[in-house]
Every structure is written in C-alpha cells, then in structure tokens.
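The values are calculated or read from the model by the stated rules, or taken from the named source; none is laboratory data. No experiment lies behind these values; they were computed from the predicted model shown. Cβ atoms come from the backbone with ideal geometry, glycine included; neighbour counts cover every protein chain shown.
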Amino acid sequence: MTTPADRPPSVDTLARRLAEHSSLPHPMLVDAARTAIADGGRFDEAFELARNLERSLLTPVVNATGVLLHTNLGRAPLAHSQAARAQTVEFDLATGERGSRQRAVGQLFARLCGAEDAIVVNNNASAVLLVLAALAEGQDVAVSRGESVEIGGAFRVPEVMEQSGARLVDVGTTNRTRLSDYERAIERPDTDVALVLKVHPSNYRVEGFVEDTPVAQLATLDVPVVADIGSGLIDATVPWMKGAPPAWLNGEPAAVQTIADGADLITFSGDKLLGGPQAGIIAGRRDLVQRCARHPLARALRCGGLVLAALQDVALSYLHKTVCDDLAFWRMVAQSPDALRARADAIVGAAGVGGVVDTEALPGAGSAPGITMPSIGVAVDGDRLAELRSFDPPIIARTRDGRTTLDLRSVDPADDPHLIDALGQL
C-alpha cells in the first residue's frame, strides 16, 4: 500500500517549491513540475528542468571572446531606452496629418551617406531582396562570379535573386572580373540587364591572382549600379575617432566613398560596423529609393518604432561625432592595448588567479574578413567555459591549447568586477 510519504508531491506544491529558487513565471514552473512528477517526482530533476528553461531565455552576458560583433551574441551591443509614450512613427507634427515612417531616419542616413534619399528595412538581406524586387523583377542582374557568395545564415546571392523575381547573370570568373565582362553581359542580345549588383563578400575571400571591378568603373555602365557594402562602415576616414583610421579597416567599403564613386544605391547592415540595432539601410538616388519604398514588399519588411528610434539615436551620434562615447562597438575599437593591459593587470591582481596574455581580437559578423586587431586578455589553465557560463551574468570566453582566455577588448570595463568575481571562484 502506498503511504503519503511515498506519494509524489502535487504539481502545485512542487511548482511553489521551485518558485523559491527560480524567477520563472508560475505556468513554466508548473510545466517543469509536471514533467518531473511524471518521471518520479524528484525535486532535483524539477529544479534542473526549471534552470534549463530559465537559461534558454534571452540573457545578458559578458562577451569575453574577443569577437566584437559576435553574431551568436547579438552583434553590436547597443543601449537604448525610451519613454512608454506614443511617438511620431507615421505622424507629421507640422501638418497634423499622416506622415512617412521612413522620413525621420531616412533623411538622417541620407545626410550621413551623402545620398539623395534613404529608407530602412529589417535587415540587410531584406534590403537586397527589396532592391532586386523593385528594380529588376522579371529582368536580369549582372553579378561577378567571385561575388555570388553564401554568407552567414544561408544567405545565398543566387537564391535571394530567385526570390526577388530577378534573373542572375554570372559575369567574369571566380577570381577575376573586369569592366569588359559587365559590358559584354549588358550588350548580349539574349539578356535584359536592369542593374549591376556588387556584393560585399563578407567572410569569404579570394587571394592571389585576383581582380575585381571597382564601383567607380562600374558607374560608367549604362545601367544602375547597386553596391551591397554589407558591414555598414559609414565613412572610411572614421572622422568620429582621433588619429588615423584603424589599419584593420583598410579596404573595407564605406557608404560615403561608395556613393561618391558613383553607386546609384547602396545597402548595408545596421548591427555591424554601424554599431546599431539589426536593420538594413538602402541609400542613394531618390528615384530608385522611392521605387523601393513603393514596392509591396516594403511594408512586409519595414521596421517598428523601437528600431527606428534606436537607429535615429545612432545616426544622430554620427552627426554629432559622439560615436566613441555613445556606441559600444566603437568604444571597444578605440581602446588602446596599453589601456587593455592595465585592466588585465588589475583583474589578475584582484582575482589572484590567471595571467595576462597578448591576443588578437576580431571585428566579427563577416566584417573585414581575415583581419584582426591587437588585444589583451586574461588566461587560466584548463577548459573553464562551462564554469564561466554558470555565473550571473554568464561569461562567454574561448579556449585554445588547453587554456581559457578572456579577451578584454570585447568586455565593457564596467563588467571587469564580474570577471574578478568569477575568476576568484574558479
């Protein structure tokens, strides 16, 4: 006969016990309790289920990987807050009538890029898709074979082209494409080339016997030139930083220079080198931008008020030249190796464990592929990744050659006390 002591606890009783150790809402604790009771009613199993549920939610972490724009960690870290009030997303204060969702942010990015007009969609893949659908549906688009690439998240140029309704015309070869290759594609009697698309290769690179056609040459063609510059560097001269541009940015296409070279449209990401939220920006000739804005896909791909407000703050930071104060990505970039070393010395001294090591940080997210920047980290022996992830906030590091390294270039100095606390407990 089963005694009361042998009976498993009720679902509600177990869920209430879990609430003493977890911040999950009651319905999720009930799910964990019900699953555990079905397996025998052990509290430790229910606790582990609840803990795993909690850790599956979006969680702020300390990025000590040295990858500044870590795709798995949300790319560019960005602080943004706004009052819980209505805002003029589609309202014109001057007339009191309905306004354009794109006007506020679009005019700022047009000014930043030196373009006639700009609009915003929800990511750069959407920007490319919208441009192709609006400007080349049912027609041909010339793309260098060396730029017909696949980048993160299975974004394949040929497949995006197919979804847009445009037809891909391969130009040149994988390693060498000249202006004459584009000219022949445009002049062929069996093609109807609506535009030329130049694609940022992201994390793909061909080295050695290579040649591509710069935008300035493509601009001499008889069709519009669309340049997907991808990473979202606004200006190659980085006027918001003191001194010369960082060496690792050499060769990275930038919005201002690409428009000045004659691109009719550019597209780029908001959450990479721009340092903002996930978004895609389309900038260039007003007539082409407005064709994109009027296309039915534009409504499906548009951003909401939260993203627009965050992008507006980012654009204003560039125009005020307060980028290195306002945007976390550029603060990380601006840190000198000496400043990083001083932080590392202080962390090791306070924690009483680990050693200071030279490291190489990465821009990340396909920006400046193959390029690193000097950095400093703190290393401890062994693989301590799981232990570091168990702290609050979790610390994400990397291992190599039997050591765990916390790269400080990707860590906000405000999080140094968390590193000290965690290292001291290892």
(message) Just to verify a result, which residue in region 61-87, among those that are of a type in the set (Val, Ile, Thr) and at pLDDT 95 or above, is nearest to residue 305 (Cα to Cα)?
(response) 61
(request) Name, by its number, the condition in (1) in contact with a Pro (Cβ under 9 Å, 6 or more places away or on another chain); (2) of a type outside the set (A, V, I, L, M, F, W, C); (3) in contact (Cβ under 8 Å) with a residue 40 or more places away in the chain that does not hold for residue 40. (result) (3)
(request) Count, please, the residues in region 178-213 that happen to be within 25 Å of the chain's Cα centre (by Cα) and of a type outside the set (Gly, Ala, Ser). (result) 9
(request) Being crowded, with 16+ Cβ neighbours inside 10 Å and not assigned by TED's automatic domain parsing to the domain that holds residue 248 narrows it down to one of 410, 390, so name that one. (result) 410
(request) Hey, can you tell me all the residues within region 214-235 that are within 16 Å of residue 262 (Cα to Cα) and under 27 Å from the mean Cα position of the chain (by Cα)? (result) 214, 215, 225, 226, 227, 228, 229, 234, 235
(message) Can you report the number of residues in region 105-116 which are surrounded by fewer than 23 Cβ atoms within 10 Å (Cβ to Cβ) and not small (Gly, Ala, Ser)?
(response) 5
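Among the residues of region 267-277, are any in contact (Cβ under 8 Å) with a residue 60 or more places away in the chain, among the aliphatic types (A, V, I, L, M), under 23 Å from residue 75 (Cβ atoms) and crowded, with 18+ Cβ neighbours inside 10 Å?
Going residue by residue through region 267-277, those that are in contact (Cβ under 8 Å) with a residue 60 or more places away in the chain are 267-277.
Add one more test, that the residue is among the aliphatic types (A, V, I, L, M), and what stays is 273-274.
In the following step, the residues that additionally are under 23 Å from residue 75 (Cβ atoms) were identified as 273-274.
When the remaining residues are screened for being crowded, with 18+ Cβ neighbours inside 10 Å, the result is 273-274.
Yes, region 267-277 contains a residue that is in contact (Cβ under 8 Å) with a residue 60 or more places away in the chain, among the aliphatic types (A, V, I, L, M), under 23 Å from residue 75 (Cβ atoms) and crowded, with 18+ Cβ neighbours inside 10 Å.
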(message) So for region 227-248 (the condition being over 26 Å from residue 334 (Cβ atoms) and crowded, with 22+ Cβ neighbours inside 10 Å), does at least one residue qualify?
(response) yes
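Can you list the helices (runs of 4 or more DSSP H) found entirely within region 1-116 that contain at least 3 residues being closer than 30 Å to residue 286 by Cβ and of a type in the set (Gly, Ala, Ser)? Lay out the reasoning, then the answer.
Details: elements: 11-19, 26-38, 43-55, 103-113.
The helices (runs of 4 or more DSSP H) meeting that bar are 103-113.
Quick check on region 209-222. Is at least one of its residues at pLDDT below 90 and charged (D, E, K, R)? Can you show your working first?
First pass over region 209-222, keeping only residues at pLDDT below 90: 209-212.
Next cut, charged (D, E, K, R) only: 211-212.
Yes, the conditions are met somewhere in region 209-222.
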